[in-house]
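No value in this document is a laboratory result; all are computed from the given coordinates. Since this is a predicted model, take the numbers as computed values, not measurements. Cβ placement follows ideal geometry from the backbone for every residue including glycine, while neighbour counts extend to all protein chains displayed.
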C-alpha cells in the first residue's frame, strides 16, 4: 500500500538518502519522470518516492521502510534476492504464451530476435511490485536472459529498450540491403569471365 507524506519533509534530504541507499546495498536508479524523487532497486523490488504538484510525497515498495530507517539512523540492508523470472508451463503456457505469440508474434520484446520455447519467459510491462496487473494486457514475450538483464526496469525503461532494438534491426536491414545492391551493381559493371563469354556468344548468334 502506498503511504503519503508532505514533500517538504522529504526533498531536503533526498541527496543524503540516495547516498545512504547505496551504502546499504540498494541500486539507485535514474528517475523516469519529473515526479520521481528517488527510485531504487531492493532485490526483486523497485521502490519509488514520488512527489506531486500539491506538495505530497508517496512511498511505494520498500521505500518507506528504508526512509524510516534512514531518518531514525536505524539498520537497514537491501535484499540481495534477484528479480524473479516469470516462467510459465503447461496450461498457463497455453493460456498466456500462446495468446501473446498470436497477438505479438514470436520476437523478444527486448532484443527483437525470435524466442524459442526453451528460452521463453513472460514479463510484465508494469511490474507487479509497482502496481501492474497480472493480466495478459500487461504481459509480453521475452528471452529468459533478456528478461534477467532488464531486471526490475520501469515500463518507460522497457519501452526504450523495445524501441532501441527495433531501430537497430531496421538499420541492420537497411545496411544489408545496401550491401546487396552494391554487390549487384559491381557484378553488372564487372561481369565474371564466363558471364562475359555467354553474352558474346549470344550476340554472335543473334547477329547483334
Original post:
Any idea what % of Cα-Cα pairs in the range 3-71 are farther than 17 Å?
Top reply: 31
Original post:
Once fully extended, how much extra length lies between residue 149 and residue 134, figured as 0.36 nm per residue of separation less the alpha-carbon to alpha-carbon distance?
Top reply: 3.3 nm
**OP:** Could you tell me which of rounded, prolate or oblate describes the range 106-176, using a ≥ b ≥ c as the square roots of the eigenvalues of the alpha-carbon gyration tensor, with rounded for a/c under 1.5 and, failing that, prolate when a/b is larger than b/c and oblate otherwise?
**Re:** prolate
Original post:
Which ordering of 76, 35 is given by a fewest-first count of other beta-carbon atoms within 10 Å?
Top reply: 35, 76
**OP:** Show me 60-72, 21-33 ranked by packing, highest mean number of other Cβ atoms within 10 Å first.
**Re:** 60-72, 21-33
